[in-house]
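Since the structure comes first, as structure tokens, the remarks are kept for the end.
The values are calculated or read from the model by the stated rules, or taken from the named source; none is laboratory data. Everything numeric in this text was worked out from a predicted model, so none of it was measured. Cβ sites come from the backbone with ideal geometry, for glycine too, and all protein chains shown count toward neighbours. For accessibility, only protein heavy atoms count, side chains too; no ligands or nucleic acids. Shrake-Rupley method; radii C 1.70, N 1.55, O 1.52, S 1.80 Å.
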Amino acid sequence: MPLTRKAYRAAILHSIADPAEVGIEASYEYFEDGLLVVDDGKISAVGHASELLPTLPTDIEINHYQDALITPGFIDTHIHLPQTGMVGAYGEQLLDWLNTYTFPCESQFGDKAHADEVADIFIKELLRNGTTTALVFGSVHPQSVNSFFEAAEKLDLRMIAGKVMMDRNAPDYLVDTAESSYVDSKALIERWHGKGRLHYAVTPRFAPTSTPEQLTLAGQLLTEYPDMYMQTHISENLKEIEWVKELFPERKGYLDVYDHYQLLGERSVFAHGVHLCDDECARLAETGSAISFCPTSNLFLGSGLFNLPMAEKHKLNVGLGTDVGGGTSFSLLQTLNEAYKVMQLQGARLSPFKSLYLATLGGARALRLEDRIGNLRPGSDADFLVLDYNATPLLSYRLKQSKNIAETLFVLMTLGDDRTVAQTYAAGALVHQR
Ligand code: GUN
Ligand code: ZN
């Protein structure tokens, strides 16, 4: 017998495949009157309430929600903890934005009290927005990662993070050295990787801020720890790409820099990829690497429009990222709202079921965690959300006109935000209640 068993009754929706591969109808399961059964923090059953209720003991505790939709927790595949205090910084594109706003803001994270305070705000904000797993950039300071993991561990969250490695082309107050970044990253890996539901990611910021020596040592860490994640940025902004060509003239292009230092692989996530070419997409796919699509950031920083159809053509793993503070919202619903517009501007469509996939199962696949998160199949971690159809007067009125779950889902992604997330559960525990 499980120690704790609970059941949740509402409309239930989850992705089970990529619509680009199997078509829309085969990509999801929807139970209009559904039941989700959770045993000891894991999902043990999902299906129609009418079928599952008779199989359960009569005294089981059932939480019944009207006008609500249960979905898997959202997965944010790219976000910066130490940029929480500078979201919405005015006027600049990537390289000037980094120098003017980002680096000064990140400089404060050597201080434990500050790092603790922001880690707390950051995790509350993730959970308020329904994000139960994130792939997180710290600052250059190991303290930023320690504060984050300490807070995440208390709530038994599944989180991935790493200390930024940057040993050039940044202010003196914010650089490490190739050697210190290796030693500090290794100590963090030993302390945190695989502890509870926490994982570590080797985190070279981007090619311009690492020397060849540092990139070599980043690759060495991945060799020493074969189940390690790697996260960095790629091909976000045209000036950035020109700069990479100047710094690494002997390489074929931006991706080839990372490839040369052996940073591609099944647990490698590259943020943005707005200006990738066909060959680079093919190489990313071949190595099992993933892209984090960050539409609010790409629009806010004027970086460009990510070509999702090209990524699909190459069967590239793509997840969704907020990229806060380049992105302007912690909400993956709002991020999908912008993703839709990015596709519209390219004459393409983003179906609500592809959007759901990107925010859940697609992210889990990008992180190689699809057997644990991103869907509600039995055996998965019980990380899920209760979305409230009556979160705002407009949402409530608009959804009353909805004819089917496709329309409801699309409206949730267009009008929805943190207010839509009534409850967030992680490993079966209630971690946010609106
Ligand atoms: N490229 C290098 N660093 C950053 C960062 O902090 N944010 C974004 N959006 N791009 C980057
Ligand atoms: Zn970023």
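Worth a mention:
- Per-residue HN-Hα couplings for region 69-79 [Karplus 6.51, -1.76, 1.60; θ = phi - 60°; Hz; x = Gly/Pro]: 10, 8, 9, x, x, 7, 10, 9, 8, 6, 7
- Shape of region 4-130, Cα gyration tensor, a/c cut at 1.5: prolate
- Shape box of region 365-427 [Cα atoms, principal axes, largest first, Å]: 37, 21, 20
- The chain, helix-only ellipticity at 222 nm - DSSP H runs n ≥ 4, -39,500 (n - 2.57), divided by all residues, nearest 500: -10000 deg cm²/dmol
- When each of the peptides 231-239, 41-49 is scored by the mean number of other C-beta atoms lying within 10 Å of its residues, the order from highest to lowest reads 231-239, 41-49.
- Structural size metrics of region 119-180, computed from C-alpha coordinates, are Rg and Dmax of 13.3, 38 Å.
- Computed over the chain, the ratio Rg/Rh where both radii use C-alpha atoms and Rh is Kirkwood: 0.97
- Overall shape: oblate for region 249-289, with the ratio a/c of the largest to smallest alpha carbon gyration tensor axis at 1.5 or above and b/c at least equal to a/b.
- Ordering ILE70, GLY326, THR424 by Cα displacement along the dipole of the chain toward the positive end leaves ILE70 in first place; charges were set at the Cβ atoms of Lys, Arg (+1) and Asp, Glu (-1).
- Kirkwood estimate for region 213-346, i.e. one over the average of 1/r between Cα atoms, Å: 15.2 Å
- For the pair region 96-172 and region 208-239, the centres of their Cα atoms are 18 angstrom apart.
- Heavy atoms of ASP418: accessible area, 1.4 Å probe, square angstrom to 10: 40 Å²
- Anisotropy class of region 295-399 from Cα gyration tensor, a/c 1.5 cut: oblate
- Here the 3J(HN,Hα) profile of region 226-243, calculated from phi with Karplus coefficients 6.51, -1.76 and 1.60 at θ = phi - 60°, is x, 9, 7, 7, 9, 9, 7, 10, 8, 6, 9, 9, 5, 5, 4, 5, 4, 5 Hz, Gly and Pro shown as x.
- Greater than 30 Å apart at Cα, pairs in LYS112/LYS186; LYS124/LYS313; LYS315/LYS341; LYS195/LYS315; LYS186/LYS239; LYS313/LYS341: LYS124/LYS313; LYS195/LYS315; LYS186/LYS239
- DSSP-defined antiparallel bridges as percent of all bridges, the chain, nearest 5: 45 percent
- The chain, accessible surface, carbon-and-sulfur percent (1.4 angstrom probe): 51 percent
- Over the chain, Cα pairs under 8 Å with separation of 6+ residues give a relative contact order of 20 percent.
- Relative contact order of region 37-175: 24 percent, from C-alpha pairs under 8 Å at least 6 residues apart in sequence.
- Heavy-atom accessible area, probed at 1.4 angstrom with all protein chains present, ranks HIS80, HIS275 as HIS275, HIS80, highest first.
- Exposure ranking of GLU106, GLU153, GLU125, GLU25 by accessible area [1.4 Å probe, largest first]: GLU25, GLU153, GLU125, GLU106
- Rg/Rh (Cα only; Kirkwood hydrodynamic radius) as it applies to region 58-199: 1.06
- Derived scalar couplings between HN and Hα for region 107-112 equal 5, 7, 8, x, 7, 4 Hz in order, rounded to whole Hz, by the Karplus curve 6.51 cos²θ - 1.76 cosθ + 1.60 (θ = phi - 60°), x for Gly and Pro.
- C-alpha center-to-center spacing [region 25-68, region 308-323] in angstrom: 31 Å
- Of the trypsin sites (Lys or Arg not before Pro) found in region 392-422, those in coil by DSSP whose Cβ has at most 13 other Cβ atoms within 10 Å are LYS403.
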